[in-house]
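Take a look at the structure below.
The values are calculated or read from the model by the stated rules, or taken from the named source; none is laboratory data. These numbers come from a predicted model, not from an experiment. When we count neighbours, we look across all protein chains shown, and the Cβ atoms used for this are built from the backbone with ideal geometry, even at glycine.
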Amino acid sequence: MNALVFQNFISGPRQSRVHTPRTLREVNELQRAMPHAAVIGGATWIMRAPLRGTPIPADVIALSGVAGLDEIKISDPITFGSMVTLESAARILKGLSDLAALREACVHAATPPLRRMITLGGSVAAADFHASDIVPALLCLDAEIISEESVITEIRLPRSQWVSCHERLTWRSGGEYSVASISLSYDPPTGRVRVALGSIESTPRRWTSVEQAMMAESLTPHTAARVVHAHLAELEPVTSPGIPGSYRLEVLPTVMERAVRRLL
């Protein structure tokens, strides 16, 4: 056990006790002994806790030393351990058109130094992060999340003949949180689609009503944008500093139009 210092920009640095288990059994034992401890992957989310006004936990359980959580299995499904970083995942997924949505999300979700730290499992576990690019991509690819007790251990991606992409809009430049994002997966022979939203509502989610409406007519960039516009009233957009919820809704049809244009 050692101490990890987080910089609190309001009141100065805070120290947390870091526990470094080597097995999942040890992780579960620590969780039972310290129910208020936070489990961390790359730790990028918890390091920003002071900026969100969230207290730094006194104890954290680091998964970096747990054997097997950083493994990648190239098969069908492709299986990523929860501690696989965005950079590693993007490298493995290069050239796989059916899983392109996740690769693009990994490449654009953060700056290069952070992509070497952020983990897939940590991205899923950050449930209160509405601007996630990774979660919508996993949703549109019908990924399976495997956990043992309360610890995410694997992310499984089934292979298919579908094509996919992840389209995002940022306020100023790449590498920052997206204002609006859409992950889209499409099966050309059947016309089936899966659509997932990020950065719009408080939680990323599938947009099933838009999926059904898009499948009811021929898929084109124009019709997809029109369908999105017709369903905007279903959404409850979040407002963040400098970005009103109304703006997120305003740009969403354009984000969908760009996504469809890339797939066709």
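Taking the conditions exactly as written (assigned to a strand (DSSP E or B), assigned by TED's automatic domain parsing to the domain that holds residue 100, within 19 Å of the chain's Cα centre (by Cα) and farther than 19 Å from residue 115 by Cα), does residue 194 satisfy them or not? Criteria met by residue 194.
Look at residue 83 and say whether it is farther than 21 Å from residue 171 by Cα, crowded, with 21+ Cβ neighbours inside 10 Å, of a type in the set (A, V, I, L, M, F, W, C) and over 13 Å from the mean Cα position of the chain (by Cα). Answer is yes for this residue. Summed over the stretch 114-135, residues that are within 20 Å of residue 94 (Cβ to Cβ) and part of a helix (DSSP H, G or I) total 5. For the stretch 101-127, the set of residues classified as surrounded by 24 or more Cβ atoms within 10 Å (Cβ to Cβ) and more than 19 Å from residue 152 (Cβ to Cβ) consists of 101 only. Residue count for the stretch 219-242 satisfying the condition of being within 15 Å of residue 185 (Cα to Cα) and either assigned to a loop (DSSP other than H, G, I, E, B) or among the aromatic types (Phe, Trp, Tyr) (or both): 2. Reported count of residues in the stretch 171-189, each being buried (at least 17 other Cβ atoms within 10 Å of the Cβ) and modelled with pLDDT under 95, is 3. In the set 168, 192, 206, only one residue is closer than 16 Å to residue 142 by Cα, of a type outside the set (A, V, I, L, M) and crowded, with 16+ Cβ neighbours inside 10 Å; that residue is 206.
Sub-6 Å Cβ pairs linking a first residue in the stretch 209-230 that is closer than 15 Å to residue 254 by Cβ to a second residue that is surrounded by 17 or more Cβ atoms within 10 Å (Cβ to Cβ) and modelled with pLDDT under 95, at least 6 apart or interchain, number zero.
Hey, does the stretch 155-177 have a residue that's out of contact with any Pro (no Cβ under 9 Å at 6 or more places or on another chain) and farther than 23 Å from residue 131 by Cα? Yes, because at least one residue in the stretch 155-177 is out of contact with any Pro (no Cβ under 9 Å at 6 or more places or on another chain) and farther than 23 Å from residue 131 by Cα. Within the set 246, 199, 240, the sole residue that is surrounded by 16 or more Cβ atoms within 10 Å (Cβ to Cβ), more than 22 Å from residue 162 (Cβ to Cβ) and small (Gly, Ala, Ser) turns out to be 199. Right, residue 134: in the same structural domain as residue 256 (by TED's automatic domain parsing), over 14 Å from residue 108 (Cβ atoms) and of a type in the set (Val, Ile, Thr) or not? No. When residue 125 is tested against (1) touching a helix residue (DSSP H, G or I) at 6+ places or on another chain (Cβ under 9 Å); (2) within 28 Å of residue 188 (Cα to Cα), exactly one condition is not met: (2).
Of the residues making up the stretch 85-108, those that are within 15 Å of residue 141 (Cβ to Cβ) and either assigned to a loop (DSSP other than H, G, I, E, B) or basic (Lys, Arg) (or both) are 96, 103.
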